[in-house]
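Enquirer: Below you will find the structure I want to go over with you.
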Amino acid sequence: MAKLNQLILLENMMKTYDTMNIKDANLTHFQGVCTEKLVDEINGRLERLVVSKVRMSCRNVLLANYETMTKTTYWLGCRLFSDLLRAESRVLREKVEQMVELLNELVLKMVNVDEEYAKRFFERIKRAYRKKRITKFELWKAQQSHLTIKKLKVYQADLTADILIMGILKYDDRPSGDELDGVDMEKLRKELTNGKKLPEDFDLECAKLRRYSHWEGDMFIIDYHLLRKYMFQHFGDLTHKQHIAMFEYDVQMKQIHEDIKLLEGEKVWTEEEMEMGDGMERTIGYAAKTMRAEGELKHLYDYTWLMLLMNETDGLPSFDTPTSYVDYMKQCGVKSMPTRSNISKYYDKARGEFPNWTFADADGQEAKRRNNVAKRFLNLVRSVNNSH
């Protein structure tokens, strides 16, 4: 039943009947008998697929236009049901309703695909596509006279932008207003190659990608346990070229991250940083300075989340009062800090534990942003500590 040829045949039969002006009751009866027989065959196969453990066969079925075919009204709108005798129409109607119910069970089966199955599926596909020995990244890297983290981050951003421009997430749900507010296009353009052309709706695609990604230090990470479900459901919608691009993206990103880790291991302290005191003070000062340069600390009160994180994390300094925290951060070389009262005000609004804080004054993207501020700080501190 590859690509569900019989379901498409049934659809064509009903559409053709609607275009014909059949007045002969015998012809209408014959059409009803043929349609009922075809529906019986479809239902038999669908029942076997519903209980089958081979999900790939289910995916082939759903290459059909299941968005409309899983709606009873789509089928029962055919004129054949009104032309048939009442008893014949009722029997055919019941069988078509059963067919729709089975189709919906298949959709549910695909939506609830387990993580391990989807992972194995994409590993098999990736091995089939991974025929090239040299990636574009490796060729680019060979041409660089001096490799830096900044260059790697630009390449990483360009590579990610390219797969979005290709429409990899075209079939994902349209972003909400809050999700779009979380996309900082001005900051994003600074991370890309200067002058790189972006489509008008690029912010929409970026907002979609944020659902499946996070940052670990300087590395942009795709949460494949989340993305696989989308890719599995829409694998048949994406083109062969898009499949290849996605798998090559995965390979190249791993190569980029390996080089970022190597370069981060070569962190050299400046003379100014060396004067900041002990190793932990230098590390925290470096992390705060980096985040200010990146624009991650958008508001002065964002330093509150750093204090909150350190108080919850073993191995990092902890503070009994905002005063002791502000004094410590100044020792770390952080010159601009919020007032002690401002820190207290925002500190008391946080609930729960990192990395799933909630806030009395914020939700949605702003709550996520605050958690991400702390994640970025922790990743920077750990990346430095692991390299020394």
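The values are calculated or read from the model by the stated rules, or taken from the named source; none is laboratory data. Because the structure is predicted, anything quoted here is derived from the model rather than measured. Note that we place each Cβ from the backbone using ideal geometry, even for glycine, and neighbour counts take in every protein chain shown. Areas reflect the complete protein model, heavy atoms only, side chains present, ligands, DNA and RNA absent. Shrake-Rupley method; radii C 1.70, N 1.55, O 1.52, S 1.80 Å.
Enquirer: Can you find even one residue in the stretch 360-368 that is in contact with a Gly (Cβ under 9 Å, 6 or more places away or on another chain), closer than 30 Å to Leu262 by Cβ and of a type in the set (Lys, Arg)?
Expert: Within the stretch 360-368, not a single residue is in contact with a Gly (Cβ under 9 Å, 6 or more places away or on another chain), closer than 30 Å to Leu262 by Cβ and of a type in the set (Lys, Arg).
Enquirer: Report every pair of residues separated by at least 6 positions or lying on different chains whose Cβ atoms are under 8 Å apart, first residue within the stretch 185-205 and open to solvent by 60 Å² or more (accessible area, probe 1.4 Å), second among the basic types (Lys, Arg).
Expert: The qualifying pairs are Arg189/Lys196; Glu191/Lys153.
Enquirer: On the basis of being under 14 Å from Gly333 (Cβ atoms), surrounded by 15 or more Cβ atoms within 10 Å (Cβ to Cβ), of a type outside the set (D, E, K, R) and modelled with pLDDT of 85 or more, does Met291 make the cut?
Expert: yes
Enquirer: Out of curiosity, is Leu238 modelled with pLDDT under 85 and either in a helix (DSSP H, G or I) or of a type in the set (A, V, I, L, M, F, W, C) (or both)?
Expert: For Leu238, the condition - modelled with pLDDT under 85 and either in a helix (DSSP H, G or I) or of a type in the set (A, V, I, L, M, F, W, C) (or both) - is met.
Enquirer: Quick check on the stretch 215-235: of everything there that is in contact (Cβ under 8 Å) with a residue 40 or more places away in the chain and not in a helix (DSSP H, G or I), which residue is surrounded by the fewest Cβ atoms within 10 Å (Cβ to Cβ)?
Expert: Going through the qualifying residues, I end up with Trp215.
Enquirer: Could you tell me whether the stretch 249-261 includes any residue that is of a type in the set (A, V, I, L, M), buried (at least 18 other Cβ atoms within 10 Å of the Cβ), at pLDDT 85 or above and within 22 Å of Tyr328 (Cβ to Cβ)?
Expert: no
Enquirer: Against the condition assigned to a helix (DSSP H, G or I), closer than 26 Å to Phe235 by Cβ, modelled with pLDDT of 90 or more and open to solvent by less than 70 Å² (accessible area, probe 1.4 Å), how does Asn43 come out, does it pass?
Expert: yes
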